[in-house]
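Chemist: Below: one structure in structure tokens.
The values are calculated or read from the model by the stated rules, or taken from the named source; none is laboratory data. Note that the structure is predicted; figures quoted are calculated from it, not measured. Here Cβ is always computed from backbone atoms with ideal geometry, including for glycine, and neighbour counts include all displayed protein chains. The accessibility values were calculated without ligands, DNA or RNA, using every heavy atom of the protein model including side chains. Shrake-Rupley method; radii C 1.70, N 1.55, O 1.52, S 1.80 Å.
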Amino acid sequence: MKTAFIYSDNFAKYDYGPEHPLKPFRLKLTYELIKAYGLLSLPDTILVEARPAGEEDLLLYHTRDYIEVLKAANGGLEIPGEERYGLGFGDNPVFEGVFEWSRLVTGASLQAAELVDSGEVPIAFNISGGLHHALSSRASGFCYINDPVIVISSLLKKGRRVAYIDIDAHHGDGVQEAFYHTDKVLTISLHESGNYLFPGTGFEGETGEGEGIGYSVNVPMPPSSDDELFAYAFNEVVPPLIERFRPDIVVGQLGVDSFLTDPLAHLNYTTNGFCEVVRKMKELSPRWIALGGGGYEITNVAKAWTLAWAIMNNADLPDDLPEAFIERYPFEGFRSKKLRDGEYREKGAGKEMMRDEVGRIVTRVREKVFPLINPPT
Ligand SMILES: [Zn+2]
């Protein structure tokens with residue numbers, strides 16, 4: 001199967017600041033690991049240099065006002081009134097090149113979309129994308145431009161039917177909000193419950209409004225949920241919805257801040273559950289635009305997205321990390337020198353409570369939402 005990997009060395013040039021958890025360097029580390037495994041020189045793989053999105057692309061979702069402010073912030077200096085746009089101290093700092101960075105990430109996602117939509121490749125992966133929190137005139141949750149929304153909007157303009165599947169630890173709130181009132185896009189998000197984690201939304205009762213009723217699907221997971229519960233929830237909810245909705249294209253957000261060792265969220269997934277779900281996502285996608293997402297422990301990011309890329313290419317990888325790679329990055333924290341995590345399972349009464357809770361949510365989604373989803377007319 002032919003695949004495309006969209007990348008630029010320039011991704012790692014940008015810096016949110018020394019205290020900020022989002023490290024663009026993680027993208028370079030992932031690229032290097034994928035390359036070390038030989039997965040960019042497979043016969044059916046194309047490596048595509050990312051190019052920035054044009055301003056008119058950004059306007060597919062964002063307001064002109066906001067784009068002008070973000071452009072003005074590109075020099076890295078504070079802009080008067082920036083806080084009205086979610087910019088400034090904290091989550092969404094104004095750093096040098098913030099507008100260029102956002103254009104490059106979004107451009108890469110649009111290139112992935114074009115390659116997949118044109119039929120050139122059935123699968124394309126932009127590890128820098130998946131910045132799902134940005135709102136139409138506001139930066140949020142480390143995201144300035146919402147590349148998934150822009151990609152989906154560009155596909156809608158061509159009359160495509162799109163399903164969005166988001167497995168980041170955080171609710172895909174920006175994408176849900178953009179398509180909350182339409183039945184042309186099915187958004188599905190599995191994430192840590194908003195009772196415990198930013199952005200505090202994504203409850204199972206949020207199902208869409210107006211024409212869009214039933215087309216926003218949320219599976220909030222209790223903190224400490226493990227691979228078993230993750231795969232269970234995904235398998236119970238996602239494949240039957242996709243089967244019924246019958247999208248032309250699936251956009252997948254593959255955030256890995258859901259891992260046991262991630263510092264920001266409280267989910268306990270490993271590469272095992274992640275790979276099971278990614279394999280399933282591949283199986284059920286007629287065409288697939290895969291995007292990155294969260295991930296704040298950079299070795300998890302490199303390993304998980306390397307494994308995801310291997311799945312996209314039907315490649316089997318040895319579990320020992322390539323020697324040359326380890327020698328090049330001795331201090332990044334690849335302590336086990338293994339690609340895959342060991343098995344991890346929650347046990348005892350806590351697990352049974354989580355199992356009951358996930359079971360209750362899955363049942364509610366199946367009863368309330370499934371009957372509302374219609375196939376294409
Ligand atoms: Zn996240």
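Chemist: Identify, by number, the condition in (1) out of contact with any helix residue (DSSP H, G or I) (no Cβ under 7 Å at 6 or more places or on another chain); (2) away from the ligand (no atom under 16 Å from the Cβ); (3) farther than 21 Å from residue 282 by Cα; (4) part of a loop (DSSP other than H, G, I, E, B) that residue 182 doesn't meet.
Modeler: (1)
Chemist: Out of all the residues in the range 159-173, which are more than 11 Å from the ligand (Cβ to nearest atom) and over 16 Å from residue 109 (Cα atoms)?
Modeler: Those that are more than 11 Å from the ligand (Cβ to nearest atom) and over 16 Å from residue 109 (Cα atoms): 159, 160, 161.
Chemist: Checking residue 220 against (1) surrounded by fewer than 19 Cβ atoms within 10 Å (Cβ to Cβ); (2) under 20 Å from the mean Cα position of the chain (by Cα), which test does it fail?
Modeler: Every listed condition holds for residue 220 apart from (1).
Chemist: Has the range 58-75 got any residue that is open to solvent by less than 20 Å² (accessible area, probe 1.4 Å) and either under 25 Å from residue 116 (Cβ atoms) or modelled with pLDDT under 95 (or both)? Let's see the steps before the verdict.
Modeler: The initial filter retains those residues of the range 58-75 that are open to solvent by less than 20 Å² (accessible area, probe 1.4 Å), namely 58, 62, 66-67, 70, 73.
Okay, now just the ones that are also either under 25 Å from residue 116 (Cβ atoms) or modelled with pLDDT under 95 (or both), so 58, 62.
The answer is yes; a qualifying residue exists.
Chemist: Collect the residues in the range 142-173 that are farther than 21 Å from residue 52 by Cα, more than 12 Å from the chain's Cα centre (by Cα) and open to solvent by less than 10 Å² (accessible area, probe 1.4 Å), keeping them in residue-number order.
Modeler: Those that are farther than 21 Å from residue 52 by Cα, more than 12 Å from the chain's Cα centre (by Cα) and open to solvent by less than 10 Å² (accessible area, probe 1.4 Å): 162, 163.
Chemist: Anything in the range 209-232 that is away from the ligand (no atom under 16 Å from the Cβ), in contact with a His (Cβ under 7 Å, 6 or more places away or on another chain) and part of a loop (DSSP other than H, G, I, E, B)? List them, or say none.
Modeler: Of the range 209-232, the ones away from the ligand (no atom under 16 Å from the Cβ) are 209-217, 222, 224, 226-229, 231-232.
Cutting the leftovers down to in contact with a His (Cβ under 7 Å, 6 or more places away or on another chain) gives us 209-212, 224.
Matches in the range 209-232: 209, 224.
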